[in-house]
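The values are calculated or read from the model by the stated rules, or taken from the named source; none is laboratory data. Note that the coordinates shown come from a computational prediction; the quantities given were computed from them, not determined experimentally. Positions of Cβ are backbone-derived with ideal geometry, glycine not excepted, and every protein chain shown enters the neighbour counts. Each accessible area value is taken on the protein alone, full model and side chains, heavy atoms only, with ligands, DNA and RNA left out. Shrake-Rupley method; radii C 1.70, N 1.55, O 1.52, S 1.80 Å.
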Amino acid sequence: MDSTPSSSTVSRTVLLLLRVLTFVFLLIALILIAINKQTEDTSDGPTEAKFNDIHAYRYMISTIVIGFAYNLLQMALSIFSVVSGNRVLSGDGGYLFDFFGDKIISYLLLSGSAAGFGASEDLHTLFKSIDLPFNSFFEKANASASLLLIGFLFTAIASTFTSFALPKKA
C-alpha cells in the first residue's frame, strides 16, 4: 500500500492554503484601510483625513470587500473538497467558475492595489507641498495597498492551479 497522497489531494490542499493566505491578507488590508484617519493642526484649525474622503481609497476598499466575499465562498468550497474528496460544483461548469472567478477577482484586486498606491503617492506629494504632512495616513494606506497586492499574488497563483484542472478539449 502506498500512503502518499494523490496529486489531486495535494493540489486541493495547496489551493486551500492559497485561499486562506488570501483571506488573511485581505482581512488585514480591510482593517488597515477602514480605520485609517489622521488629524493635523493647521492655521485654520484641525484638518482630518479619512479613507472615505478619497475616491481611490473607496474603490480600494470595494475591491477588498468583493475579493473577500469571493474568497470566503471559494474557501468554503475548497474545505468541502479537501474534506470530502468531492466537488460541490461538479462538471465543466465548476472548473470554469473557479478559473474565471480567480482570474477576474485577481485583476480586480490588482486594480484596487494600483489605485491605492497611485492615490497615496499623488496626494502625499500634494499635501506636503501645502504643508499638510499626513505621513501616517498615507503610510497606512500604502500598507493596506501592499497587503492587497500580496492578496492579488496569492489569488493569481490560485488561478494557475485552477487552470490545471480545466477539462482538456481536443
Which ones in the range 85-106 are touching a residue at least 12 places away in the same chain (Cβ under 8 Å) and among the hydroxyl-bearing types (Ser, Thr, Tyr)?
95, 106
Please find, among 156, 143, 165, the residue that is touching a helix residue (DSSP H, G or I) at 6+ places or on another chain (Cβ under 6 Å) and at pLDDT below 85.
165
Within the range 134-154, does at least one residue satisfy the condition of being in contact with an Asp or Glu (Cβ under 9 Å, 6 or more places away or on another chain) and over 18 Å from residue 29 (Cβ atoms)?
yes
Within the range 1-55, track down each residue that is among the small types (Gly, Ala, Ser), surrounded by 11 or more Cβ atoms within 10 Å (Cβ to Cβ) and modelled with pLDDT under 95.
8, 11, 34, 49
Please work out if residue 88 is within 21 Å of residue 20 (Cα to Cα) and assigned to a helix (DSSP H, G or I).
no
So which of 82, 65 is assigned to a helix (DSSP H, G or I), over 22 Å from residue 153 (Cα atoms), open to solvent by 50 Å² or more (accessible area, probe 1.4 Å) and touching a residue at least 12 places away in the same chain (Cβ under 8 Å)?
82
The range 117-135: number of residues that are open to solvent by less than 50 Å² (accessible area, probe 1.4 Å) and either among the polar types (S, T, N, Q) or part of a helix (DSSP H, G or I) (or both):
6
Restricting to the range 90-115, count the residues that are open to solvent by less than 70 Å² (accessible area, probe 1.4 Å) and among the hydrophobic types (A, V, I, L, M, F, W, C).
7
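Quick check on my filter: what residues within the range 37-54 are free of Cβ contacts under 8 Å to residues at least 12 places away in the same chain and under 19 Å from residue 138 (Cβ atoms)?
Step one: list which residues in the range 37-54 are free of Cβ contacts under 8 Å to residues at least 12 places away in the same chain, which gives 39, 41, 43-46, 48, 52-53.
Across the range 37-54, the qualifying residues are 39, 41, 46, 48, 52, 53.
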Condition check for residue 117: out of contact with any Phe, Trp or Tyr (no Cβ under 9 Å at 6 or more places or on another chain) and closer than 15 Å to residue 54 by Cβ:
yes
Output for the range 132-145, where each listed residue is in contact (Cβ under 8 Å) with a residue 40 or more places away in the chain and either closer than 20 Å to residue 45 by Cα or among the polar types (S, T, N, Q) (or both):
132, 133, 134, 136, 137, 144
